[in-house]
Amino acid sequence: MQLPNYQKAKSRNKDQVIREEYQKNKQYQNLGRGKTYHVKTYGCQMNEHDTENIKALLEELGFQEEEDYEKADLVLLNTCSIRENAHNKAFGMLGRLKHLKEKKKDLIIGLCGCMAQEEGVMDEILHQYRFVNFVFGTHNLHHLPDLLYENLKSKKQEIEVYSKEGNLIEGLPVKRATSYKAYVNIIYGCDKFCTYCIVPFTRGKQRSRRKEDILKEVEELVKEGYQEVTLLGQNVNAYGKDLEEHYRMEDLLEDVAKTKIPRIRFMTSHPWDFTDRMIEVIAKYDNIMPSVHLPVQSGSSRILKLMGRRYTKEDYLKLFHKIKDTVPNVSMSTDIIVGFPGETEEDFQETMSLVEECQFDNAFTFIYSQRENTPASKLEDGVSLKEKEERLYRLNEKVNAYFLKNNQKLIGKVVPVLVEGKNTNGKDGLYGYTDTNKLINFAGDISLTGKIIPVKVTDAKTWSLDGEIDES
Ligand code: SAH
Ligand code: SF4
Ligand code: F3S
């Protein structure tokens with residue numbers, strides 16, 4: 001048994017990470033034969049992508065995917081720690097699984113992802129959730145077959161969570177969610193330690209993949225006919241800072257653009273590491289999508305300082321406008337937290353004024369959630385939940401109005417759309433995403449799925465557009 005340890009998770013060293021090729025263990029080949037699995041994923045794109053690896057690992061063992069978790073022989077929860085409600089959802093699901101297991105004695109239950117890296121969570125699993133068969137963390141996903149094997153053999157709860165990162169594993173099998181859009185990890189972990197955030201503890205230190213491995217993966221995707229890659233990392237702009245050779249995000253973006261993959265996106269950018277060259281590269285290549293997610297978190301420089309974001313409101317606005325002015329037609333989105341400990345009405349008004357200036361195309365807004373062991377969790381918080389909810393409501397009213405206003409500007413324009421399939425609006429309806437990452441619904445044949453086509457925008461709503469295929 002190996003349990004998480006915050007002290008270790010917090011420590012950072014300058015050691016070069018060792019790259020290791022994943023080795024499949026033939027011994028486990030038939031472990032899942034005749035059995036089914038279901039994976040529930042919470043959290044960010046990184047978790048979604050991890051799930052793609054997990055599914056492929058399980059299928060290598062002979063398991064087959066089952067859509068209905070109640071029918072599956074193995075249920076695995078890939079969890080998220082970012083806010084309290086992500087936690088609650090996973091624990092709620094564990095409760096349901098407990099009941100299910102009372103009826104289905106052989107049900108295998110696993111837990112992985114960011115919650116597995118939390119000391120408090122693992123303490124609960126160990127003492128109150130004995131029915132969970134196995135647990136692994138974010139650093140040893142590739143040990144899934146071993147843990148499963150051990151659990152089936154010993155019938156004892158197997159817990160293996162490392163708080164030190166270990167080697168960077170290449171060559172994991174992957175079962176991608178679609179055949180036209182793919183996630184590609186470029187950097188793991190985060191060294192920013194924003195004071196409210198648990199990610200630097202759950203995902204470890206910043207580690208960049210080698211450019212050769214990334215480019216090889218993208219080139220293979222191009223060969224397979226993929227239309228879009230999203231380069232993933234908690235802070236993609238820090239890409240390369242830990243590598244020996246001088247090769248940074250702008251260099252990688254340029255090389256990925258040269259592979260001729262039709263669409264490139266990247267997530268997430270921290271304003272701190274956004275260089276002028278990066279902006280120029282985004283502007284230069286048509287296949288780098290004009291859409292930048294630039295989380296601001298707060299418009300108050302005082303709160304930004306307490307958050308440890310290392311930029312002021314003015315720094316953010318300067319960068320924001322530089323991107324807007326340099327990248328033609330760019331859409332900008334952000335993340336905002338309200339109710340950080342000690343946030344006053346004046347601080348909140350600073351956020352509102354920043355929103356008025358930036359007029360974001362999209363924004364993810366959250367109420368601050370206290371996370372175990374983070375520096376902000378020790379701060380005095382005088383703001384009531386009611387007040388925080390009220391601020392969130394006012395903020396949402398404002399951001400929503402700008403989403404609509406920006407969408408309305410597109411009416412009558414023809415935009416390129418990657419078709420993703422049938423929408424939920426009814427018959428003949430398709431949906432897709434524009435180059436600027438806006439959801440658009442239009443009539444068309446399902447066979448267009450996975451293709452990039454021109455669509456004329458006919459109407460605009462707050463969170464989506466309506467359109468018709470442009471035949472001209
Ligand atoms: N690495 C990304 C963010 C990853 S988490 C970045 O720094 O931009 C996604 C978003 O969740 C963050 O941008 C932040 O707005 C929000 N978030 C993170 N920790 C939070 C917390 N403790 N409470 C509320 N929201 C939080
Ligand atoms: Fe969390 Fe900050 Fe790292 Fe983003 S940059 S993952 S908010 S610590
Ligand atoms: Fe959640 Fe972990 Fe992602 S905490 S947001 S799943 S990195």
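A few notes on this one:
- Close pairs (7 angstrom Cβ cut-off, 6 or more residues apart or separate chains): more than 7 Å from ligand 1 (Cβ to nearest atom) in segment 356-371, in a loop (DSSP other than H, G, I, E, B) and modelled with pLDDT of 95 or more anywhere: Asp361/Thr436
- When restricted to residues that are within 16 Å of ligand 3 (Cβ to nearest atom) and either within 18 Å of Asp15 (Cα to Cα) or without any contact (Cβ under 8 Å) to a residue 60 or more places away in the chain (or both), segment 159-183 contains 3.
- Restricting segment 175-215 to residues that are among the hydrophobic types (A, V, I, L, M, F, W, C) and assigned to a strand (DSSP E or B), the residue that is nearest to ligand 2 (Cβ to nearest atom): Ile187
- Residues of segment 114-138 classified as within 16 Å of ligand 2 (Cβ to nearest atom) and either in a helix (DSSP H, G or I) or touching a Cys at 6+ places or on another chain (Cβ under 7 Å) (or both), total: 4
- Verdict on Phe340 being within 16 Å of ligand 2 (Cβ to nearest atom), out of contact with any Ser or Thr (no Cβ under 6 Å at 6 or more places or on another chain) and over 16 Å from Met307 (Cα atoms): no
- Scanning segment 166-187 for residues that are buried (at least 22 other Cβ atoms within 10 Å of the Cβ) and closer than 26 Å to Asn373 by Cα returns a single hit, Ile187.
- Number of residues in segment 422-440 that are part of a strand (DSSP E or B) and either under 24 Å from the mean Cα position of the chain (by Cα) or surrounded by fewer than 20 Cβ atoms within 10 Å (Cβ to Cβ) (or both): the value is 8.
- One residue stands out among those in segment 227-243 that are closer than 27 Å to Ile452 by Cα and away from ligand 2 (no atom under 13 Å from the Cβ): the one that is surrounded by the most Cβ atoms within 10 Å (Cβ to Cβ), which is Val229.
- Given (1) more than 18 Å from Leu172 (Cα to Cα); (2) over 17 Å from the mean Cα position of the chain (by Cα), number of the condition Ile82 does not satisfy: (2)
- For segment 169-197, filtering for residues that are within 16 Å of ligand 1 (Cβ to nearest atom), among the hydrophobic types (A, V, I, L, M, F, W, C) and touching a helix residue (DSSP H, G or I) at 6+ places or on another chain (Cβ under 7 Å) leaves 5.
- Candidates Ala376, Ala363 - the one that is under 26 Å from Ser291 (Cβ atoms), in the same structural domain as Pro262 (by TED's automatic domain parsing) and not in a loop (DSSP other than H, G, I, E, B): Ala363
- Just one residue in the set Tyr28, Tyr37 is surrounded by 15 or more Cβ atoms within 10 Å (Cβ to Cβ) and either without any contact (Cβ under 8 Å) to a residue 60 or more places away in the chain or within 23 Å of the chain's Cα centre (by Cα) (or both); that residue is Tyr37.
The values are calculated or read from the model by the stated rules, or taken from the named source; none is laboratory data. Here the structure is a predicted model, which means the values were calculated and not measured. Every residue, glycine among them, receives a Cβ derived from its backbone with ideal geometry; neighbour counts consider all protein chains shown.
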